[in-house]
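Enquirer: This is the structure I want to talk about, given as structure tokens.
The values are calculated or read from the model by the stated rules, or taken from the named source; none is laboratory data. Since this is a predicted model, take the numbers as computed values, not measurements. Note: areas computed on protein heavy atoms with side chains; ligands, DNA, RNA excluded. Shrake-Rupley method; radii C 1.70, N 1.55, O 1.52, S 1.80 Å.
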Amino acid sequence: MLKKILDYLINKLQDSDTLNEYNSEILVYGLEVLLYNGFTAFLVLGISLFFNELYFGTLFLIAFSIFRVLFGGFHAKTIYSCTIIMIIIVLGVHFINKFEFFHYYFITAVTLIVYCLIFFIMQNRYVYRKCIIVILFCTILILCNIPDMYTPVILALFIAEMLYFFKK
């Protein structure tokens, strides 16, 4: 269905002589990526709403998106497996956030692991400067002591780093 809509739009643009074949392929790919990312964001926010943690989920989604762009990392082979992995990640993050009896100790341990992993990521010169910015940002969050903001950001950073290390 989505493919038919995209093809229809591209054919209309090609009929008006604004696109050549090469540009239409780029446009189709860009629209597919935009629609998929929109669907994924909608899914993440829907799960967050289900857990009654829309603020947490929104911050996690924004931070995770930024860190994934900065670090890169593992990519699933299909769009379906990517969606399933993202759902599992979001459910796991919400599960961790719901149980406060180990929340403080878990987040403290994750923070220490995050700083250690950043050291290893920094060995790659491509992401070195980006890591310095992330370290400064996380340090400011720690010093400001805003747990409602710190927790989703540090979990997003941790998961983005794990995906970096599991890349193929």
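Enquirer: Assuming 0.36 nm per residue, please report the length gained on full extension of the stretch Ile88 to Ile132 beyond their Cα-Cα distance.
Expert: Additional length available on full extension: 12.9 nm.
Enquirer: May I pose another question? Using a 1.4 Å probe and ignoring any ligands, DNA or RNA, find the accessible area of Met149 and quote it in Å² to the nearest 10.
Expert: Its accessible surface works out to 60 Å², give or take rounding.
Enquirer: Want the number for Tyr115 to Phe39: 0.36 nm per residue separation, take away the alpha-carbon distance, what's left?
Expert: In short, 24.2 nm is gained.
Enquirer: Considering only protein heavy atoms and a 1.4 Å probe, what is the carbon-and-sulfur percentage of the accessible area of segment 33-112?
Expert: The value for segment 33-112 is 79 percent carbon and sulfur by accessible area.
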